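The values are calculated or read from the model by the stated rules, or taken from the named source; none is laboratory data. Predicted, not measured: the structure shown is a model, and the values here were computed from it. Positions of Cβ are backbone-derived with ideal geometry, glycine not excepted, and every protein chain shown enters the neighbour counts.
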Amino acid sequence: MKLSYDLHIHSCLSPCGDEDMLPSNIVGMAALKELDVIAVTDHNTCGNCPAVMKLAEAYGVTAIPGMELTTEEEVHVLCLFPELDNAMAFSEYVHTCMLPFTNDEEVFGRQLFVDEDDNIIGKEPYLLINATSIGFDQVYEKVVKYGGIMIPAHVDKSTTSLLSNLGFIPPDSKFVCAEIKHTGFIDKILDDNPYLKSCNIIHDSDAHYLEHIHEPEFFIEAESKSVKDILDALVKR
């Protein structure tokens, strides 16, 4: 089954996400654009995944619960999970690994927990874009423990990426899927980093505004629209 996707979308819980990035608007836009699969991946939290998943089910869109984890080296990694409970448990763990630095809303923006009816049900007090105490070399085992998969985010980006911040791919890496944002550079990136040639490559929007959510232009081949089958497809060798 050929499924259109965008697996890197920020909600209003990310301080850099526009406040129009409500779960209802994200899912509604995905449905309008006829995307089959989405993932809302806020910085260091899965806090708005419950609302997204409720709404996605109603709209007929498959939503994968996840987050964009920031490692201690400030490398961004997408972490996707088969079940909401797994994602929320991982989110609680990551919260214990965060620097308790109070968010300045005037500088960074509000960090809003929202329900499926667009009600603000809380605010995250600590700044979510900071590095956690989780090293890149620990991410794979930590995420697998919660049943999830890791995908280094926007590896071609000049900041907050595996290649920009570490400068290389650790030889003992176990990830089998990676995200490249700019498709025009894919051949050079793969030539310069042979490890990535054995990985499944995905292309996401990293949307912080509704209009940046992808059109149905990239596709995954999966057995079905179930979260499990989609995750299996992402890590299939």
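Cβ contacts < 6 Å: first residue within 18 Å of T183 (Cβ to Cβ), restricted to segment 210-236; second residue among the hydrophobic types (A, V, I, L, M, F, W, C) and at pLDDT 95 or above, any location; separation 6+ or different chain. Result?
Matching pairs, first to second residue: I213/M29; I213/A207; P216/L35; I220/L3; I220/A233; L234/C177.
With (1) more than 18 Å from the chain's Cα centre (by Cα); (2) over 30 Å from T96 (Cβ atoms); (3) in contact (Cβ under 8 Å) with a residue 12 or more places away in the chain as the list, and P170 as the residue in question, which single condition is left unmet?
Every condition holds for P170 apart from (2).
Look through F175, F185, F168 and report the one residue that is surrounded by fewer than 17 Cβ atoms within 10 Å (Cβ to Cβ), among the aromatic types (F, W, Y) and closer than 20 Å to H8 by Cβ.
Numbers: F175 fails: surrounded by fewer than 17 Cβ atoms within 10 Å (Cβ to Cβ); F168 fails: closer than 20 Å to H8 by Cβ.
On inspection, the qualifying residue turns out to be F185.
Among (1) in contact with a strand residue (DSSP E or B) (Cβ under 7 Å, 6 or more places away or on another chain); (2) among the aromatic types (F, W, Y); (3) surrounded by fewer than 23 Cβ atoms within 10 Å (Cβ to Cβ), where does Y59 come up short?
That leaves (1) as the condition not met.
May I ask you to verify whether V52 is free of Cβ contacts under 8 Å to residues at least 60 places away in the same chain and assigned to a helix (DSSP H, G or I)?
Answer is yes for this residue.
Quick grid of which residues meet (1) in contact with a helix residue (DSSP H, G or I) (Cβ under 6 Å, 6 or more places away or on another chain); (2) closer than 23 Å to D229 by Cα; (3) among the small types (G, A, S); (4) modelled with pLDDT of 95 or more:
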site	(1), (2), (3), (4)
L32	no, no, no, yes
I38	yes, yes, no, yes
T62	no, yes, no, yes
E73	yes, no, no, yes
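Being under 17 Å from P50 (Cα atoms) and not in a loop (DSSP other than H, G, I, E, B) is the filter here, so list the residues in segment 1-35 that pass it. Full working, then the answer.
Our first condition is that a residue be under 17 Å from P50 (Cα atoms); within segment 1-35, this holds for 7-14, 21-28, 30.
Once the filter is applied, which keeps residues that are under 17 Å from P50 (Cα atoms) and not in a loop (DSSP other than H, G, I, E, B), segment 1-35 yields L7, H8, I9, P23, S24, N25, I26, V27, G28, A30.
Check I26, I38 and return the single one that is surrounded by 24 or more Cβ atoms within 10 Å (Cβ to Cβ) and within 18 Å of A222 (Cβ to Cβ).
Values: I26 fails: within 18 Å of A222 (Cβ to Cβ).
One residue alone meets the criteria, I38.
Could you grab me the full set of residues in segment 75-94 that are in a helix (DSSP H, G or I) and either out of contact with any helix residue (DSSP H, G or I) (no Cβ under 9 Å at 6 or more places or on another chain) or buried (at least 16 other Cβ atoms within 10 Å of the Cβ) (or both)?
L84, D85, N86, A87, M88, A89, F90, S91, E92, V94
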